[in-house]
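J.: Let me begin by handing over the structure; questions about it come next.
Each reported figure results from applying straightforward, stated rules to the coordinates on display, with no laboratory input. As the structure is a prediction and not an experimental result, all values here were calculated from the model. Neighbour counts are summed over all protein chains in view; Cβ atoms, including those assigned to glycine, are modelled from backbone coordinates with ideal geometry.
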């Protein structure tokens, strides 16, 4: 017996137990509504998706070709369309997630208006977006199942047993659009208690995976901008523990924590770490500070002094009251950050880099894996990188190393369109194409994401539409480049009334009012023009 049929029988029994007053209730309609609403709460979603991520992590450990991917979201509709598109093109959501970008929340969802990625946006807007994304994904399930239920009714009415059986099988084996979301909690929006409270909201909304970074919360910067300030390890580990306690309190025992280090590009710290004995974690953090030795008689008013191996050291303090790390220590600090995070409750790592370079990332991961053999990364395939220029320069440098003639290329000008058809450009594009697979294999990257893809696609498509529509193409600029392509590529949104829930509303009207239902999907509905 199918799960759907079993649900109908269960509801038939419930109706019978309530007596004649429930006779107007259809067990089959109620079963359909239950099937369309598989996840009742955000915690149901978090439990379901956490298990998916854990399984995927194990698969990756066994085979690095089984890496995962996601695209950043700033609106529920965007996330919904991604998963509808993935199911349409690949018939599966396997190893494909969604990423909730704090950058896009700040830039596109704050009541203050567009903001830089500095944790100035409303902290509750992150959890609100998690809930919104899952509302849209659940609606995608309901819409798709509603279409199957209508097909089932048509098959029954036509007496077509073969089609009825086929559709019934699709209903029973329906693959949900609900997938894991990696949610960006920035630097925790305050102290460890604030991090815990924020994490709880995000988990209750459905997040099974929370990403937190080691920057100072009130000095937070975008990972690809200057002026980043890190915190001592013990401060960061307290926030990791706060997130773990939030997961455990809410019953998400296998919730996933991504510990992000910005140390590679962060040359500053606000605090000197507490240290109790040489070589402890605080002492290791302080050992990276840029210091000068001073004699006792040379101390100045307000100096901060470290005593190391009998020497008095004065850390360099900037007018901003921040302390400076020694140049060239970024990679060592990253490695230490990653090891200590994994040893204290984190599950995955995120190393923010200044360029997409497999060798650079792999070098750090190899050092981390000497201590934690199964260390795995989440990596930001960021639009902040000029991918074309970076990879063309990487190929250029390889040519130079190999003694190949590069006289026809100007390294600084390799972005120029004139190079597009060259051997170097073609080879660089191939390296970009295989970057995710290569770095998953060689640099321990379990999950690849693009933080801001739809920010850029929305801007590009809107620019093209405005140019055509307000130019001499007029309405043809929309019809030719948008609607006609939607129809020919089978984009579901061409039937926008259906996407907004009109057909589901008609189904419910029939459930509730029977023959008296006033439906929107009749013969005069212009959506019928799209089939």
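J.: Between residue 399 and residue 529, what length comes free when the chain is fully extended (0.36 nm per residue of separation minus the Cα-Cα distance, one decimal in nm)?
T.: Values: separation 130, 0.36 × 130 = 46.80 nm, distance 5.63 nm.
Extending this stretch completely gives an extra 41.2 nm.
J.: Kindly provide the helix-only [θ] at 222 nm of the chain, computed as the sum of -39,500 (n - 2.57) over DSSP H runs of four or more divided by all residues, to the nearest 500 deg cm²/dmol?
T.: Values: 20 runs with 254 residues, N = 531.
Result for the chain: -15000 deg cm²/dmol, rounded to the nearest 500.
J.: At what distance in angstrom do the alpha carbon centres of region 428-488 and region 197-245 lie from each other?
T.: When both Cα centres are located, 30 Å separates them.
J.: Show me 268-274, 182-188 ranked by packing, highest mean number of other Cβ atoms within 10 Å first. Before the final figure, lay out each step's value.
T.: Numbers: 268-274: 17.7, 182-188: 26.9.
Order by mean packing, descending: 182-188, 268-274.
J.: Mean separation of Cα pairs under 8 Å and 6+ residues apart, divided by the residue count of the chain: what relative contact order is that in percent? Don't skip to the end; give the middle numbers.
T.: On the way: 827 pairs, mean separation 76.1, N = 531.
It rounds to 14 percent for the chain.
J.: Mind ordering 452-460, 439-447 by average Cβ neighbours within 10 Å, highest first? Walk me through the numbers on the way to the answer.
T.: Numbers: 452-460: 15.4, 439-447: 23.0.
For the peptides 452-460, 439-447, the packing ranking is 439-447, 452-460.
J.: Go through 192-198, 230-236, 317-323 and give me the packing order, highest mean Cβ count within 10 Å leading. List each step's numbers first, then the result.
T.: Working: 192-198: 18.9, 230-236: 22.0, 317-323: 12.3.
Ranking the peptides 192-198, 230-236, 317-323 by packing returns 230-236, 192-198, 317-323.
J.: Any idea how far the Cα center of region 56-83 sits from the one of region 364-378, in Å?
T.: With region 56-83 and region 364-378 each reduced to a Cα centre, they are spaced 21 Å.
J.: Moving on to the next point. What is the spin-label model distance, in nm, from residue 318 to residue 17 if the labels are put 7 Å beyond Cα along the C-beta direction?
T.: So the two model labels end up 6.7 nm from each other.
J.: How high is the relative contact order of region 228-322, in percent, with contacts defined as C-alpha pairs under 8 Å that are six or more residues apart?
T.: Working: 89 pairs, mean separation 25.3, N = 95.
It rounds to 27 percent for region 228-322.
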